[in-house]
Every structure is written in C-alpha cells, then in structure tokens.
Amino acid sequence: MDGPVTLHAVPAPRLAPDTVLVVAEALLPLLYWRGVSVLQEKRQDLTVLERFALELGLTFGSIEPEDFAEITSLPSSALAGATWRLISSGTLYPRGGSYGVNPEQAAAALQQRTVSRLVRSSADFVLLPRSGDVLAVGGRDGGWPRAVEQTVLPDRQAPLPPDLRTATRAAYLAEKVRAKAVAGLDPAVIDVPLPDRDDPPLVPPAKRGDGRWVPVCPTYLCRAEIRRAETGTHVVDAIVCGQARRGGRKDSRRIDSRREGSGREAGGHEDEAQSGAEVAIDLSGADGLIAEWLKLSDALDDPQLRQAAWRELGPPATGFGRPPLDGAQRRGPAQWDLLVNGTAVRELCGQGRPITEPRGLAVEADGVIIHIGCYFFPTDDEGRALFARDEVISRLLSAQEPAEELAPACREAAARCPGAGNVLSADAIRERAWQLGHYHLVYLLREQEDFPHD
C-alpha cells in the first residue's frame, strides 16, 4: 500500500477464532479468460514391450530392429507399436532405421513404470492485475468468474499496471504456468501453447478522456474475510457486490444497493437503477493480494498512526490536553492492545462505556478498508484497578444473585490490585454501574439498603 492511510472509528468487528482479517471494502480489478488452451501431461503405465524397449536402449545405447526381433522372436514391425508413446514423450527419438535413447528420461520412466505424453486441454484463468496473482478456476458454467461477469456490473474501469500493458495473453499465462505460479491449477498442466496466429493482448485498449488509448480492466467492489485453515494456509471468502447487470443470472443474490444521491438513469427504470447483486467468490491462493491486505493491519506499528487511532478511539480532548497513549502491541492478526496509564483510563471511563470492551478501527488506503479490533490495556496500578472495577461489574451482570456476589467480587479484585483504595469498594462499583447505564443492577445491589424487609 503506497497511498496515504486514514483511520476512523467503527463498531468492533466480530472475529471468529480462525479469522485473520476482515476486509470491509476493496476495489478488485479482475480479468477472466475461459477455455484457454493448455498442454497437460498424461501419465500411463508402461506395457511389457515398452519396458523391454527401454531396458534394451539403456543397455546398448540405441534400439535396433534386428536386435529387438532376435531377442523377442517378434517381427521387427512390432517395435513401432512398442515405441510410439515413448517417442511422443521424448524418451526415444527416431534415428534412421533405429531409435536413440534419452538416458535420464528412460531411467525415470522405468523407475516410475509410467510413460507421459502431452495432450491438449483447456482451463479457465483469473488474473488480479493489481497484485499479479493468477488463479485457475473451475466449476459448472465457468465457475464464479462467469457468475460475476454475467451478474454484476463493474464499479469502474482501471488502467492496467504499466508492466502488463504490452503483455500478450498466451505468452503471459505460459510464463506463469511454467513457473508453477498459478494457484489451483491441475499439476498435470505444464504449459500454454502459443497460438499459430497473433497472440492477443491481455485486454484491448480503451480510449481515455484525454484521447490516449490505454488497456483497462473491469474493477469490482468486494468485501472479504481471511481465515487460517488447519494446514496454516489462508482461505479467502469474498463477496463481489454492485449494481445488477440487466438480464443477469437469475440465481444471483439480489441486494438493496441504494446510494446517497443516486437517481434514475436516463432511459432506465428506477427498480433497475436501485437493484444490486452479490456473487460469492473464492480468492484463496491469491497470495499477493492477501499480503497487500494484511500489510494494512500493521498500521499501528507507525507511531503517527497510533496517535491517529488514539484520537479516534480515546477520550475527547480536555482543557489540560489529551492524556497520552503509552504505546501499542499486537494481540492477534487483526487485534491490537492500546497501552494506557491511569490518567488516560480515568478519561476513558468518562465516555460512559466499559473500558474492557473492544473498539473497532477502520484502516483505509488505496481503495481498501479493513476493520481491526482494539483493546485498551492498563500500564500502571491505577489503570489496572479501574479495569478491575469494570470486570467486577461484568461478573455481577452474569451472576444469579448480584447482591450476594458483590462483596466477594470486590475482595478478590482488591487482592489482585494492591493499593486500589476506594476504587474497588461497593459504593464505587454501584456508582460505576450507574454511569454505565446498568440501572437494574444498581437497584438489585441497593435493594437491601433501600427496601429493608423484616
């Protein structure tokens, strides 16, 4: 992410144990090619005659028809049937009336007892130009890329990165396939053959407002959740959303996509202008894109951005200046602890919400918005005592008999926080509960005092 980073407060994200990151919104440039011709390596078991031919070739350095006929008592013409698959795989090659041998391939074929041959097949590819990720996708009717293409209108068109503007489709994909850089591709696919005629560009150029012709790519709005699988790899469940394409697939999910200031388009219909659609997509394996998104979660490593987060989440400024933030430390992949001293914690208590609950922070840069969870963490005895007070209230809220639980809860909290003074007294607990709006709890805690029974 090279652009400026901005932060603002949002509701705390709900994070499952395996959640690595929540991407609230992102611009996703996406190119899709269906039915691209590929070369696939097919492996088949060697026949008895093929194994014999390879052993003969490795022993003598070549295979002569006369030697074959003499040893096997078969006509020399049978040798052609025993060698054609070996020739097509490159293990043998014709040499006049005999056959030469590629020793390394022959030895490997004998060891594996298989012969490979190249066959033409087809595959569907997705390119994410911004990150350079290439994915192989499958599924009925072209899989999710086809559903996106038929269902959702792009949010905008974005110019291709400069290094891709002169690339051609087959040559670019061939380079990725040979480098084993296509996520989800069948391992048997080893190449993309170049076409007999001109290799088309990745996308045809489009005329810009300034009159220049530049290749552009459809760009969609999406949101996503990155999860960590048991294998340690990242799983990316994403949703492409936007205005529904007229006459799009009937099995798409419709959403209300009204936006501020949007109106009826000229010549269109109001219901079409306001209707939207969503398509679930799988971006697992897009390691470059995942790395870009995860990099945003490191924002609070920057001291200036930590202070920006504190301005968003901390107490309002007072006449004596804002209480300082002592620092920040990582709690989890998408969670941070904001370190606060007693002065800052007292100011936080004035916000009228539990200081122990998480806060949400949106981090935005280069068209991507992620949500991270932030927790306040005390750095001194005064701060720890104030946190213990809110923890006591949380305990009382879940107790069946809060009035009976109050005294032991205060004693246990005070034992953990020596020198807490009156912060953990019964009166202080009731006062804080009232400040947090837990009026029914305060009534239960004062019932014996306010309404004594004989």
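Annotation: of all residues in segment 321-376 being more than 26 Å from His438 (Cα to Cα) and of a type in the set (Lys, Arg), the one that is modelled with the lowest pLDDT is Arg322. Taken over segment 84-99, the residue count meeting the criterion of being surrounded by 15 or more Cβ atoms within 10 Å (Cβ to Cβ) and either hydroxyl-bearing (Ser, Thr, Tyr) or in contact with a Leu (Cβ under 7 Å, 6 or more places away or on another chain) (or both) is 6. Tell me whether segment 66-83 contains one or more residues that are under 27 Å from Ser131 (Cα atoms) and surrounded by fewer than 12 Cβ atoms within 10 Å (Cβ to Cβ). Looking through segment 66-83, none of the residues is under 27 Å from Ser131 (Cα atoms) and surrounded by fewer than 12 Cβ atoms within 10 Å (Cβ to Cβ). The residues of segment 6-51 that are acidic (Asp, Glu), surrounded by fewer than 16 Cβ atoms within 10 Å (Cβ to Cβ) and not in a strand (DSSP E or B) amount to a single one, Asp18.
When you check Gly383 against the structure, is it assigned to a loop (DSSP other than H, G, I, E, B) and either in contact with a strand residue (DSSP E or B) (Cβ under 6 Å, 6 or more places away or on another chain) or in the same structural domain as Pro316 (by TED's automatic domain parsing) (or both), yes or no?
Numbers: assigned to a loop (DSSP other than H, G, I, E, B): no; either in contact with a strand residue (DSSP E or B) (Cβ under 6 Å, 6 or more places away or on another chain) or in the same structural domain as Pro316 (by TED's automatic domain parsing) (or both): yes.
For Gly383, the condition - assigned to a loop (DSSP other than H, G, I, E, B) and either in contact with a strand residue (DSSP E or B) (Cβ under 6 Å, 6 or more places away or on another chain) or in the same structural domain as Pro316 (by TED's automatic domain parsing) (or both) - is not met.
Scanning segment 292-316 for residues that are small (Gly, Ala, Ser) and either touching a His at 6+ places or on another chain (Cβ under 9 Å) or in contact (Cβ under 8 Å) with a residue 60 or more places away in the chain (or both) yields Ser297, Ala299, Ala308, Ala309.
Where helices (runs of 4 or more DSSP H) fall entirely within segment 286-368, those with at least 2 residues that are closer than 20 Å to Pro378 by Cβ and of a type outside the set (Phe, Trp, Tyr) are at 303-313, 342-349. Of the residues screened, Gly57 is one that is small (Gly, Ala, Ser) and either under 30 Å from Arg130 (Cα atoms) or surrounded by 16 or more Cβ atoms within 10 Å (Cβ to Cβ) (or both). If only residues of segment 96-105 that are modelled with pLDDT of 85 or more and farther than 17 Å from Glu41 by Cβ are counted, the one that is farthest from the chain's Cα centre (by Cα) is Ser98. Considering the conditions (1) closer than 20 Å to Val20 by Cα; (2) touching a Pro at 6+ places or on another chain (Cβ under 8 Å), Gly367 is excluded by exactly one of them, (2).
The values are calculated or read from the model by the stated rules, or taken from the named source; none is laboratory data. Small disclaimer: the values here were computed from a predicted structure and weren't measured. Every residue, glycine among them, receives a Cβ derived from its backbone with ideal geometry; neighbour counts consider all protein chains shown.
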